[in-house]
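Since the structure comes first, as structure tokens, the remarks are kept for the end.
The values are calculated or read from the model by the stated rules, or taken from the named source; none is laboratory data. None of the values given here were measured: they were computed from a predicted structure. SASA here: full protein model, heavy atoms, side chains in, ligands and nucleic acids out. Shrake-Rupley method; radii C 1.70, N 1.55, O 1.52, S 1.80 Å.
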Amino acid sequence: RLLLLSSLRGSSVRGSLRTAMAMPSPPVLRVTTTEESSSAAERLCEALGFATQVTREEIHSFYWWEGAVQSEPEVRVSFETSEPFESVLRAVEAAHSYDVPMILADTSDKGAAHWKGVIR
């Protein structure tokens, strides 16, 4: 990150700047799931008060369910958070309309319990 400052004077400003620059930012978790409808996606988003950068997009999904390929319109919901994965998982499962929701998560935190490495 590049921070340009001009005309900043006083030790309190410099001290605050040093403190802010020294503090590491929490790992970002990027999460994507799908919902069955716009209203279900809206309810999910309302339940995820900790989420930022929330996007919703109408898509058409193909998936294997009950022994056959299914094809349905869905709404993809993606968001970012600094919450731990386990907390996000519980919140999404509690608010989701599906019995078995698809939850994709990508984190920059290599120390996370669910981190399995980079797929190449």
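With a 1.4 Å probe and all protein chains left in place, how much of the accessible area of segment 34-104 comes from carbon and sulfur atoms, in whole percent? Intermediate values should be presented prior to the final figure.
Values: 2260 of 4530 Å².
Whole-percent figure for carbon plus sulfur exposure: 50.
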Solvent-free Debye scattering, log10 I(q)/I(0), computed from the Cα coordinates of segment 25-87 at q = 0.20, 0.23, 0.24 Å⁻¹
-0.80, -0.94, -0.98
